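S.K.: Take this structure, written in structure tokens, and hold onto it; I'll ask about it next.
The values are calculated or read from the model by the stated rules, or taken from the named source; none is laboratory data. What you see is a predicted model; the values in this text were computed from it and never measured. All Cβ positions, glycine included, derive from the backbone under ideal geometry; neighbour counts span all protein chains shown.
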């Protein structure tokens, strides 16, 4: 039925709600809404309002429904909210459902055309924008009209909820890298809708933005960009990759920041190769790591599957290389544009035969940067591949963060012998062998190709070898090598980032988690505290796990492992590593393809705790 | 009497590796021997060379030559990507890579084509025997159509010609040879190692255990009886002095000799035998290969050669210093640079 905005709820008498509500913007994929949504998020960020934008998009180039949720919160909570108070219903295909999802008192901003087809609710506010009519009034060339149409909702939102127009223009200018022409074209549409809304609509809802100082000194960026920037400061030399959602923007980030590492003559210190597949990408980074450079690939589940054989080789032949897994929802092609923590076990055990891969688990933007550079030091120090397991939510969405700290340690290239050092080693130990563990920490000394010493050369292989790197099928050689690799993993436990632990709750309930659930957990814990339920919290930041995880489990009566996968993979890993007395450890595993919400944690934990 | 040494004072046996574990008489061992001779003759420094291989009988051989070099026996069919990474990391390294017909023609076809496309500068030797040895005698993709093998019967699939695939992929140096023709293998190796681009050597290298019957075109008896070199090859070092001026380059009539100048000033001297093959002509190269396949002619020699195009490191516009040797300042921008990036992202 048709809706007349003028006849809706009377002028609102509720208390104003300022800087504490969420939007859902429903559009069709490929309609240019990415720019509109980005403009809204960036504008709020510049108003000083803590904000987070999450893109819930389809695996499609054009046409399928896509949603973008924006949450503004004056207290700095930026986890996804399960229910948004406001919907911009610009997709006729989903509008009825989008409106149905609104809470009572919610707000629907839609087009006059879509308004005719959606089921009416009388407990929400409607604002109809005559998009076609407005677009006819603009001077936008017809070729661009469809692309800037979505700017009409930006204008309406700005008017209804008080976002200053001049600030929006600055954001547009930055978005178009300072080019005035496209910025002005978009801004003209925004201004038109802004003024039309002022002249024709009566505000009937309590929601409003107000300038505040909640983002002063903070930055906003995606986790993929942060990881890429970290890699730049970590000295990456060779990047090989194959395009795959949601990891592609990681390498785009490296490409974008590569100039920071160029020589004065604009020559590159970073080679970036788009390989023929993920398998070749893995081969390139393994070859580059073997030869002594810092190498990285970024991929997602299907790519990790293809890299399995190289991962096993690099583990066993002890070759440094960094692999980013920007996890998406599997199994198989799964939900390629939805977030997941479902590759934890697969990545940790990647490769056939015995062995564990070292994994770093960033939970926020700062850690994406930090692990971006630190992963190389760890990888070279341990002479082992390192997998950084991020996810689509962190990788592709805009996150608010404090600015990144400059690396607090010098670059660590690990145990590498040059020609003179090799001679000293031989003088001291009588011989040198690639896998000779003279320090007892499981880590041997390596030489690099090009080292001018007659004994520097050795033969690297994935087949059985002894400590001199000679081919061996002897059982005792095999066992000794495996024992040394296990020793190396034990060394790793102490070297890797330790868990984040918050025992301030002095509680009997412990929460264990990893990765991007962090924001939702922080908020849920505050809600629980308000209900009188105290919790402590441990966030695992690396695998193999630190012994402090065991201590945390032992020191709590009830432990919930919160993870965004279906099988409860971290719980399984805990059971494997810590099999005794863990009947009090229970999984809260979700895995619905979406960033976790505080309300799901709050409800689930309360239900299970009784 | 002290052993004879080369220009850097090394004896030939100092270029050897560990003893071969291949079957006695294996064609691959002859090729390893020629690699040893080539390095010795040219006075190569072993620490500046890396040896790469995939998986299979052929891929074991890098352990049997140039014991002073770093080597990497990688994954089945994936040697090209590993070599690519290593040579990007350190572009000053020379690389001799060994693969087989299974390693290249089946599991590794994709990487084979793409490493050529990127023009990674290395010598890519395919030790081609038409059969899988380590798994006991299955046909490979280069086996002749209609060929019979004891355990697997008749091969009904047409053969893939890896030299032709190399030309099509854009290789700038493509040769075919026979491991029984030591002199030609030696000359081709000496040329290939100088060539700054992907040099593909498809060397028919008989498997004495599984595929050496006279009826097989990959056998010793067949090779000995049927090899028809396109030309005799001689490599003239840059400092070689002769009456080259008298030779009209490219003119077969003038003495039936073709001198192809290489990037470093060396010449590949081709003495014409009984055909007009000019390896600088891509169309001719493809014709020779297609005719050889169609008419079962075992043509060997330098099939195709062109002026090297930019290597991958050139395309990537890398700094002169190998990436493995950058100093801390080249690896990590200053704090001011990070602060600058952060400042731009902040609310002003």
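S.K.: Taking the conditions exactly as written (more than 21 Å from the chain's Cα centre (by Cα), closer than 21 Å to residue A:369 by Cα, in the same structural domain as residue A:386 (by TED's automatic domain parsing) and crowded, with 23+ Cβ neighbours inside 10 Å), does residue A:238 satisfy them or not?
M.R.: Numbers: more than 21 Å from the chain's Cα centre (by Cα): yes; closer than 21 Å to residue A:369 by Cα: yes; in the same structural domain as residue A:386 (by TED's automatic domain parsing): yes; crowded, with 23+ Cβ neighbours inside 10 Å: yes.
Spelling it out, residue A:238 is indeed more than 21 Å from the chain's Cα centre (by Cα), closer than 21 Å to residue A:369 by Cα, in the same structural domain as residue A:386 (by TED's automatic domain parsing) and crowded, with 23+ Cβ neighbours inside 10 Å.
S.K.: Also: Does at least one position in the range B:42-52 carry a residue that is in a helix (DSSP H, G or I) and surrounded by 24 or more Cβ atoms within 10 Å (Cβ to Cβ)? First the steps, then the outcome.
M.R.: Here is the first cut: in the range B:42-52, the residues in a helix (DSSP H, G or I) are B:42, B:46-48.
Retained after the next criterion (residues that are surrounded by 24 or more Cβ atoms within 10 Å (Cβ to Cβ)): none.
So far as the range B:42-52 goes, no, none of its residues is in a helix (DSSP H, G or I) and surrounded by 24 or more Cβ atoms within 10 Å (Cβ to Cβ).
S.K.: Determine, yes or no, whether residue A:316 is away from chain B (no Cβ under 14 Å), over 19 Å from residue A:223 (Cα atoms) and either surrounded by fewer than 24 Cβ atoms within 10 Å (Cβ to Cβ) or over 20 Å from the mean Cα position of the chain (by Cα) (or both).
M.R.: Values: away from chain B (no Cβ under 14 Å): no; over 19 Å from residue A:223 (Cα atoms): yes; either surrounded by fewer than 24 Cβ atoms within 10 Å (Cβ to Cβ) or over 20 Å from the mean Cα position of the chain (by Cα) (or both): yes.
In short, no.
S.K.: Also: Scan the range B:87-107 and give yes if some residue there is in contact with a helix residue (DSSP H, G or I) (Cβ under 8 Å, 6 or more places away or on another chain), assigned to a loop (DSSP other than H, G, I, E, B) and either more than 13 Å from chain A (Cβ to nearest Cβ) or free of Cβ contacts under 8 Å to residues at least 40 places away in the same chain (or both), otherwise no.
M.R.: No: zero hits.
S.K.: If you don't mind, there's one more thing I want to ask. May I ask you to list the residues in the range A:90-105 that are in contact with a helix residue (DSSP H, G or I) (Cβ under 9 Å, 6 or more places away or on another chain) and without any contact (Cβ under 8 Å) to a residue 60 or more places away in the chain?
M.R.: A:92
S.K.: A further question follows. Please go through the range B:65-80 and give me each residue that is more than 8 Å from chain A (Cβ to nearest Cβ) and surrounded by fewer than 24 Cβ atoms within 10 Å (Cβ to Cβ), ordered by number.
M.R.: Residue satisfying the conditions is B:76 alone.
S.K.: I need every pair where a residue in the range A:518-530 that is farther than 19 Å from residue A:399 by Cβ has its Cβ under 7 Å from the Cβ of a residue that is surrounded by fewer than 22 Cβ atoms within 10 Å (Cβ to Cβ), sequence separation at least 6 or different chains.
M.R.: A:527/A:602; A:528/A:602
S.K.: Here's another thing I want to ask about it. Are there strands (runs of 3 or more DSSP E) fully within the range A:452-568 with at least 3 residues that are closer than 15 Å to residue A:363 by Cβ? List them. Steps first, please.
M.R.: On the way: elements: A:459-461, A:500-502, A:509-514, A:535-540, A:558-563.
By residue number, A:500-502, A:509-514, A:535-540, A:558-563.
S.K.: Can you give me the number of residues within the range B:186-215 that are crowded, with 24+ Cβ neighbours inside 10 Å, touching a helix residue (DSSP H, G or I) at 6+ places or on another chain (Cβ under 6 Å) and part of a loop (DSSP other than H, G, I, E, B)?
M.R.: 2
S.K.: Go through the range B:15-41 residue by residue and tally those that are under 30 Å from residue B:209 (Cα atoms) and outside any loop (DSSP other than H, G, I, E, B).
M.R.: 15
So that you can scan it fast, the table gives a plain yes or no per residue for (1) buried (at least 23 other Cβ atoms within 10 Å of the Cβ); (2) in contact with a strand residue (DSSP E or B) (Cβ under 8 Å, 6 or more places away or on another chain):
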position	(1), (2)
A:529	no, yes
A:539	no, yes
A:547	no, no
A:551	no, no
A:558	no, yes
A:563	yes, yes
A:567	no, yes
A:574	no, yes
A:577	no, no
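S.K.: May I pose another question? What number of residues within the range A:243-274 satisfy the criterion of being closer than 14 Å to residue A:302 by Cβ and surrounded by fewer than 24 Cβ atoms within 10 Å (Cβ to Cβ)?
M.R.: 4
S.K.: Just to be sure I understand the filter: pairs with C-beta atoms under 9 Å, separated by 6 or more residues or on different chains, first member in the range B:8-19 and at the interface with chain A (Cβ under 10 Å from one of its Cβ atoms) and more than 18 Å from residue B:70 (Cβ to Cβ), second member part of a helix (DSSP H, G or I) and modelled with pLDDT under 95. Which pairs pass?
M.R.: none
S.K.: Another question about this same structure. Tell me, yes or no, whether the range A:50-64 has at least one residue that is within 14 Å of chain B (Cβ to nearest Cβ) and either under 21 Å from residue A:597 (Cα atoms) or in contact with a strand residue (DSSP E or B) (Cβ under 7 Å, 6 or more places away or on another chain) (or both).
M.R.: As a first pass, look at the range A:50-64 and keep what is within 14 Å of chain B (Cβ to nearest Cβ): A:50-51.
Next cut, either under 21 Å from residue A:597 (Cα atoms) or in contact with a strand residue (DSSP E or B) (Cβ under 7 Å, 6 or more places away or on another chain) (or both) only: A:50-51.
Yes, the conditions are met somewhere in the range A:50-64.
S.K.: Going through the range A:554-566 one residue at a time, which ones are over 27 Å from the mean Cα position of the chain (by Cα) and under 23 Å from residue A:356 (Cβ atoms)? Steps first, answer last, please.
M.R.: Within the range A:554-566, the subset over 27 Å from the mean Cα position of the chain (by Cα) is A:554-558.
Result: A:554, single match.
S.K.: Does the range A:572-582 hold any residues that are under 10 Å from residue A:559 (Cβ atoms) and at pLDDT 95 or above, and which are they?
M.R.: Going through the range A:572-582, the residues under 10 Å from residue A:559 (Cβ atoms) turn out to be A:574, A:582.
Across the range A:572-582, the qualifying residue is only A:574.
S.K.: So, in the range B:148-160, exactly how many residues are out of contact with any strand residue (DSSP E or B) (no Cβ under 7 Å at 6 or more places or on another chain) and surrounded by 19 or more Cβ atoms within 10 Å (Cβ to Cβ)?
M.R.: Number of matching residues: 1.
S.K.: Is one or more of the residues making up the range A:278-301 more than 16 Å from residue A:389 (Cα to Cα), within 14 Å of chain B (Cβ to nearest Cβ) and surrounded by fewer than 24 Cβ atoms within 10 Å (Cβ to Cβ)?
M.R.: Scanning the range A:278-301, I find at least one residue that is more than 16 Å from residue A:389 (Cα to Cα), within 14 Å of chain B (Cβ to nearest Cβ) and surrounded by fewer than 24 Cβ atoms within 10 Å (Cβ to Cβ), so the answer is yes.
S.K.: Starting from residues that are more than 10 Å from every other protein chain (Cβ to nearest Cβ) and in contact with a strand residue (DSSP E or B) (Cβ under 7 Å, 6 or more places away or on another chain), keep the ones in the range B:109-119 and report whichever is nearest to residue A:277 (Cα to Cα).
M.R.: B:116
S.K.: Tell me the helices (runs of 4 or more DSSP H) entirely within the range B:292-348 that contain at least 2 residues that are at the interface with chain A (Cβ under 7 Å from one of its Cβ atoms) and either farther than 30 Å from residue B:158 by Cα or modelled with pLDDT under 95 (or both). So that I can check it myself, show each step before the final result.
M.R.: Numbers: elements: B:312-315, B:328-331, B:335-345.
Because the criterion is at least 2 residues that are at the interface with chain A (Cβ under 7 Å from one of its Cβ atoms) and either farther than 30 Å from residue B:158 by Cα or modelled with pLDDT under 95 (or both), the helices (runs of 4 or more DSSP H) in the range B:292-348 that meet it are B:328-331, B:335-345.
S.K.: Let me ask you something else. Specify the residue that is farthest from residue B:225 (Cα to Cα); the eligible residues are those in the range B:144-185 that are assigned to a strand (DSSP E or B) and touching a residue at least 60 places away in the same chain (Cβ under 8 Å).
M.R.: The extreme case among them is B:173.
S.K.: Under the condition of being in contact with a strand residue (DSSP E or B) (Cβ under 6 Å, 6 or more places away or on another chain) and either within 27 Å of residue A:394 (Cα to Cα) or touching a residue at least 60 places away in the same chain (Cβ under 8 Å) (or both), which residue from the range A:258-277 is nearest to the other protein chains (Cβ to nearest Cβ)?
M.R.: Per the criteria, the residue is A:271.
S.K.: Only one residue in A:490, A:466 is surrounded by 18 or more Cβ atoms within 10 Å (Cβ to Cβ), closer than 29 Å to residue B:75 by Cβ and out of contact with any strand residue (DSSP E or B) (no Cβ under 9 Å at 6 or more places or on another chain), so which one is that?
M.R.: Going through A:490, A:466 in turn, the sole match is A:466.
S.K.: Go through (1) more than 14 Å from chain A (Cβ to nearest Cβ); (2) at negative phi and name the single condition residue B:25 misses.
M.R.: Condition not satisfied by residue B:25: (2).
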